[in-house]
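Notes for the one structure printed next.
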Amino acid sequence: MSDFRIETDSLGEVHVPADAIYGAQTQRAIDNFPISGQRMPRAFIRALGQIKRAAAKANADLGLLDQSFATAIVEATQHVIGGQLDDQFPIDVFQTGSGTSSNMNANEVIAHLATDVLDHPTVHPNDHVNLCQSSNDVIPTSIQVAASCEIENQLIPALIRLEAALQEKSYAYDDIVKSARTHLMDATPITLGQEFGGYAMQVTRGIQRIRSGQAELCEVPLGGTATGSGINRHLEFPKKTLAFLEEETGLAFREAENHFEAQSARDAIVSASGALNTVAVSFMKIANDIRILSSGPTSGIAEIKLKALQPGSSIMPGKVNPVLCEAMMMVCARVMGNHTTLTICGQHGTLELNVMMPVMAVALLESIQILAGACHAFVDKCLTGMEPNRARCQELLELNPSLATALNSAIGYDLASTIAKKAAMSGRTVRAVALEMNVLDEKTLDALLDVRNLTQPGIPSGQ
């Protein structure tokens, strides 16, 4: 018995593996694009199945598709949505830029399964599964549906968890006054809680930006068919299909206001990636700050202590490194790289169609996935178990020459500067130097140098 069967398409005969559920066009793509071995993401395949399922229901309601065919297609799509058939989606990411190969892969797999359900007659991948659709509107819609769902179900919950963990640290550390640093140099006091509150707010703003990007993604090109004109589809097809898609996903997708913009340009995807990129920039700062604040234990800042997770060196006994900070920073670098990829791809909306969509799907979905994973790991393995080093915060604060800033309003900038320089050069406190120079009485000096008051807005106490 042969290991292959003969399938045909508009170009002729193709040898397809006997046990494959896909057909001729999928096999041609396998043969034509042996490039990376990387397949389209699970979330993208799931979205394709969800769209095909919703489209079959809509076409049946519109009287365009026999109900028995629609029922069989709906049953078949469940296996695509559920992931049981991911091995039947073998096409390389680096394929035709419209993603036509992946759309036909889905059409062929679903048609094959639906035909088995019906037994007879044959469900056609183009005439039935792809009815009222084109690869040119299905593929961009699939990317946006997949990304919107992953943002909703994976990334936003992870960000909210990180936001809460940072806010909890902000409250817990509010009583710890420490030296701030600007230009990596000592600056006027803040609380450790204020520092972590700033990190929490970065995540809060990131959630808002991503929500805005998600709202753009929920306006989808489905219904534009080949070029945006909507040729060969029922006028009510997009509205009905998207209503069924909302039932499936829980997200309110809407038809593009202008199909020519929605298909020729991928600006919504670039914009959403921009929000992810900004979150990556925020995470890079947060992770790097925590890495610096925990540096030491004897030769660094060491104002916070991280939980020891694993040995940090193959040669230096006892060394422990801020590994979660480093992992987070690498995730951020990857997301920034993905955004560059998406930016370049977005520029190739040539005339009526963008021709770099498959790699856009991969880059966007990877960014969402790894940011979500990094959030959970950072909370579980870095923020949990983190402890402040109160004694070290106090030690460094007392020697901070920038405390002389609090004396400006009483003795002027120039004299305060002299005190700060003497304190830094001698390794003594600002208070000790000021007393030695007899510039202010001890009671006034104590009021001005009340470090807790220096962390609040307004004129220091005693003025």
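Placing unit charges on each Cβ (+1 for Lys and Arg, -1 for Asp and Glu) gives the chain a dipole about its Cα centre, and among LEU445, GLN78, PHE244 the Cα reaching farthest toward its positive end belongs to LEU445.
Shown in residue order for segment 208-213 are the 3J(HN,Hα) couplings computed by the Karplus curve 6.51 cos²θ - 1.76 cosθ + 1.60 at θ = phi - 60°: 4, 5, 5, 4, 5, x Hz (x for Gly and Pro).
How would you order 97-106, 122-131, 379-388 from highest to lowest mean count of nearby Cβ atoms within 10 Å?
Packing proxy ranking, top to bottom: 97-106, 122-131, 379-388.
Just check segment 346-404 against the gyration tensor rule for me: Cα atoms, a ≥ b ≥ c as the square roots of the eigenvalues, rounded for a/c under 1.5, and otherwise prolate or oblate depending on whether a/b exceeds b/c. It is oblate, given that a/c is not under 1.5 and a/b is not larger than b/c.
Heavy atoms of the protein chains alone define the surface here; on that basis segment 146-256 has 44 Å² accessible area per residue at 1.4 Å probe size. Straight-line cross-link reach from LYS285 at under 18 Å between alpha-carbon atoms covers these aspartates and glutamates, not counting any fewer than eight positions away in the same chain: GLU163, GLU195, GLU303, GLU326.
Taking 0.36 nm per intervening residue step and subtracting the Cα-Cα distance, what contour gain separates ASP414 from LEU351 on full extension?
Numbers: separation 63, 0.36 × 63 = 22.68 nm, distance 6.48 nm.
Between ASP414 and LEU351, full extension yields an extra 16.2 nm.
Take the solvent-accessible surface of the protein heavy atoms, probe 1.4 Å, and return the percent of it on the chain that carbon and sulfur atoms account for.
On the way: 11140 of 20970 Å².
Answer for the chain is 53 percent, counting heavy atoms of protein chains only.
Answer with one residue from SER134, ILE301, VAL16: the one whose Cα lies farthest towards the positive end of the charge dipole of the chain, charges on Cβ with Lys, Arg +1 and Asp, Glu -1. The one lying farthest along the dipole's positive direction is ILE301. In the chain, the DSSP-assigned H stretches of four residues or longer account for a calculated mean residue ellipticity at 222 nm of -18500 deg cm²/dmol, using -39500 (n - 2.57) per stretch and the full residue count as denominator.
Could you tell me the distance between the Cα centroids of segment 56-81 and segment 264-298, to the nearest Å? That distance is 43 Å. Note that segment 282-411 presents 47 Å² accessible area per residue, ligands and nucleic acids not counted, probe 1.4 Å. Per residue, the solvent-accessible area of segment 1-83 (1.4 Å probe, heavy atoms of protein chains only, all protein chains present) comes to 48 Å².
Let me know the Kirkwood hydrodynamic radius for the chain, please, with Cα pairs as the basis and the value in Å to one decimal. About 25.8 Å for the chain.
In a fully extended conformation the segment linking ASP66 and ASN288 would gain 74.0 nm over its present Cα-Cα distance, using 0.36 nm per residue. In order along segment 286-299, the Karplus-derived 3J(HN,Hα) couplings, from 6.51 cos²θ - 1.76 cosθ + 1.60 at θ = phi - 60°, round to 4, 5, 5, 4, 5, 4, 6, 5, 9, 4, x, x, 10, 10 Hz, and Gly and Pro are given as x. For segment 428-442, backbone phi angles converted through the Karplus equation (6.51, -1.76, 1.60; θ = phi - 60°) give residue-by-residue couplings of 9, 7, 4, 4, 5, 5, 4, 5, 4, 7, 6, 8, 8, 6, 4 Hz, Gly and Pro being listed as x. Dividing the mean sequence gap of close Cα pairs (under 8 Å, 6+ apart) by how many residues the chain holds gives a relative contact order of 16 percent.
From the square roots a ≥ b ≥ c of the eigenvalues of the alpha-carbon gyration tensor of segment 167-213, which class results: rounded (a/c under 1.5), prolate (a/b over b/c), or oblate? Oblate. Taking LYS319 as the anchor, which lysines have their alpha carbon closer than 18 Å to its alpha carbon, excluding any fewer than eight residues away along the same chain? Filter leaves LYS305, LYS307, LYS381. Counting only alpha carbon atoms, the long axis of helix 413-426 and the longest principal axis of the chain meet at about 90°.
Kindly sort ASP31, ASP3, ASP92, ASP86 by accessible area of their heavy atoms, largest first, with the probe set to 1.4 Å.
Working: ASP31 95, ASP3 115, ASP92 10, ASP86 45 Å².
So, going from the largest accessible area down, we get ASP3, ASP31, ASP86, ASP92.
The values are calculated or read from the model by the stated rules, or taken from the named source; none is laboratory data. Bear in mind the structure is a predicted one, so any value in this text is a computation, not a measurement. Note that we place each Cβ from the backbone using ideal geometry, even for glycine, and neighbour counts take in every protein chain shown. Remember, those area values only see protein heavy atoms, side chains included, never the ligands or the DNA or RNA. Shrake-Rupley method; radii C 1.70, N 1.55, O 1.52, S 1.80 Å.
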